[in-house]
Amino acid sequence: MKCLLVAALLAGVAAMSQAATPVLVVHGGAGVIAREVTPQKEQAVRAGLARALEAGYAVLRTGGSSVEAVTRAVVVLEDDPNFNAGRGAVFNHDGRNELDAAIMDGATLRAGSIANVHKVKNPILLARAVMEKSPHVMLVGDGAEEFARTVGIELVDPKYFYTEERWQQWQQALRAEREKTAAPDKTPHHGTVGAVALDAQGRLAAATSTGGMTNKRYGRVGDSPIIGAGTYANAQCAVSATGWGEFYIRAAAAHDICARVEYRREPVAEAARDVVLELIPQLGGDGGVIALDAEGHFAMPFNTEGMYRGWVDRDGKVHIAIFAEK
Ligand code: ASP
């Protein structure tokens, strides 16, 4: 009996010490086109990712939840015009910014998501409110904005989201469409932001927010707000995706990675690599993910030119990367 008690205590200590080191990984999108990354842009992106990591990690370091950490990190990236989410989102075919976001709590499997909103300053806060303050998982369009009003989520004039850079990218996409120079198999996409976290209590969470793809049709919904496609978390795995959303939806990418970890006991790096580098390219899509398991192992595979990404290591040190590591 005494032996059993000691063994149970030791197992408890092992589980706690495994979970005692929080981990945070963020991405700022896989739509990186090398020639567009000027030194100024690179500096701004690196600073933005570092700020997001600091905001999220401050929560984890002080014993806060992974849900709060991914929320804080994504809010920073939404507020930063260098990323395709919140302010600085891409334009749709009607010249509007149409925003999608989702969040999932791996410990409870609760989730919240929103799509097709035009006035919500921080879409991730609305997704979280759907998770915590409504009986639903997903709200879209006017209904989502009506809900935002009832729960006191900040609404802004749609002009708030405008940046000249995104406007010019849309003009370019329109020209390419008119002149039929856009290769049908090379649909441009311009990022997304996301975060996955493991907190000191061993709880995982994932969050994703995006303006979607430049020149998308009014009403188009990508993978980011679809639970299981662009965003998913359970007790063993958390994923946030970025890339050509239609393919991530068809592959149920985020859930597939977590299912491989859970049912096949694949290491998270292998599961993420198989889905991102094998399955999705076979379908014709591209992009990347950040994926994290309950022991703090994480992977960031992508098959585009680059993926803005960053993480905090076990010593609390911040790392940022854009292109493939040499
Ligand atoms: N996945 C996003 C979407 O399809 C876009 C991106 O991440 O590049 O809406």
| query | So which residues in segment 63-88 are within 16 Å of the ligand (Cβ to nearest atom) and of a type in the set (Val, Ile, Thr)? | reply | VAL74
| Is there a residue being more than 17 Å from the chain's Cα centre (by Cα), among the small types (Gly, Ala, Ser) and either surrounded by 15 or more Cβ atoms within 10 Å (Cβ to Cβ) or over 20 Å from ALA233 (Cα atoms) (or both) anywhere in segment 298-314? | no
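Could we say that GLU177 is in a loop (DSSP other than H, G, I, E, B) and away from the ligand (no atom under 14 Å from the Cβ) here? Write out each step before concluding.
Details: in a loop (DSSP other than H, G, I, E, B): no; away from the ligand (no atom under 14 Å from the Cβ): yes.
Criteria not met by GLU177.
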| remark: Among (1) over 22 Å from TYR218 (Cβ atoms); (2) out of contact with any Ser or Thr (no Cβ under 7 Å at 6 or more places or on another chain), VAL137 falls short only on (2)
| query | Could you count how many residues in segment 149-174 are in a loop (DSSP other than H, G, I, E, B) and either loosely packed, with under 13 Cβ neighbours inside 10 Å or of a type in the set (Lys, Arg) (or both)? | reply | 3
| Search result, residues across segment 200-234 that are closer than 18 Å to VAL268 by Cα, in contact (Cβ under 8 Å) with a residue 60 or more places away in the chain, touching a strand residue (DSSP E or B) at 6+ places or on another chain (Cβ under 8 Å) and assigned to a loop (DSSP other than H, G, I, E, B) | ARG203, GLY230, ASN234
| query | What is the number of the single condition among (1) touching a Phe, Trp or Tyr at 6+ places or on another chain (Cβ under 9 Å); (2) in a strand (DSSP E or B); (3) closer than 23 Å to VAL261 by Cβ that TYR308 does not meet? | reply | (3)
| Test: residue in segment 89-98 that is within 16 Å of the ligand (Cβ to nearest atom), surrounded by fewer than 18 Cβ atoms within 10 Å (Cβ to Cβ) and without any contact (Cβ under 8 Å) to a residue 12 or more places away in the chain | no
| note | Filtering segment 249-269 for residues that are over 17 Å from the mean Cα position of the chain (by Cα) and part of a loop (DSSP other than H, G, I, E, B) leaves a count of 4
| query | ILE124 fails exactly one of the following numbered conditions: (1) in a loop (DSSP other than H, G, I, E, B); (2) touching an Asp or Glu at 6+ places or on another chain (Cβ under 7 Å). What is the number of that condition? | reply | (1)
| query | Is segment 276-289 home to any residue that is acidic (Asp, Glu), surrounded by fewer than 15 Cβ atoms within 10 Å (Cβ to Cβ) and in a helix (DSSP H, G or I)? | reply | yes
| message | Looking only at segment 220-272, filter to residues that are among the aromatic types (Phe, Trp, Tyr) and within 13 Å of the ligand (Cβ to nearest atom); which one of those is surrounded by the fewest Cβ atoms within 10 Å (Cβ to Cβ)? | response | PHE247
| request: Please identify the pairs in which a residue from segment 20-34 that is within 16 Å of the ligand (Cβ to nearest atom) has its Cβ atom under 6 Å from the Cβ atom of a residue that is polar (S, T, N, Q) and not in a helix (DSSP H, G or I), counting only partners at least 6 apart or on another chain. | output: HIS27/THR242; GLY29/ASN84; GLY29/THR192; GLY29/THR242; ALA30/THR242; ALA30/THR304
| query | Do the conditions hold for VAL70, that is, is it of a type in the set (A, V, I, L, M), out of contact with any strand residue (DSSP E or B) (no Cβ under 7 Å at 6 or more places or on another chain) and in contact (Cβ under 8 Å) with a residue 12 or more places away in the chain? | reply | no
| crowded, with 19+ Cβ neighbours inside 10 Å, modelled with pLDDT of 95 or more, among the aliphatic types (A, V, I, L, M) and near the ligand (Cβ under 10 Å from one of its atoms) - does that describe any residue in segment 201-215? | yes
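Being assigned to a helix (DSSP H, G or I) and in contact with a helix residue (DSSP H, G or I) (Cβ under 8 Å, 6 or more places away or on another chain) narrows it down to one of ALA272, ALA241, so name that one.
Matching residue, one of ALA272, ALA241: ALA272.
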| message | I'm trying to understand the selection: among the residues of segment 35-58, which are of a type in the set (A, V, I, L, M, F, W, C) and either touching a Cys at 6+ places or on another chain (Cβ under 9 Å) or in contact (Cβ under 8 Å) with a residue 24 or more places away in the chain (or both)? | response | VAL37, ALA44, VAL45, LEU49, ALA50, ALA52, LEU53
| query | What are the pairs, 6+ residues apart or on separate chains, where a residue within segment 152-181 that is over 23 Å from ASN122 (Cα atoms) has its Cβ under 6 Å from a residue that is surrounded by 14 or more Cβ atoms within 10 Å (Cβ to Cβ) and of a type in the set (Gly, Ala, Ser)? | reply | ALA176/ALA182
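The values are calculated or read from the model by the stated rules, or taken from the named source; none is laboratory data. Keep in mind that this is a model prediction, so the values were computed, not measured. When we count neighbours, we look across all protein chains shown, and the Cβ atoms used for this are built from the backbone with ideal geometry, even at glycine.
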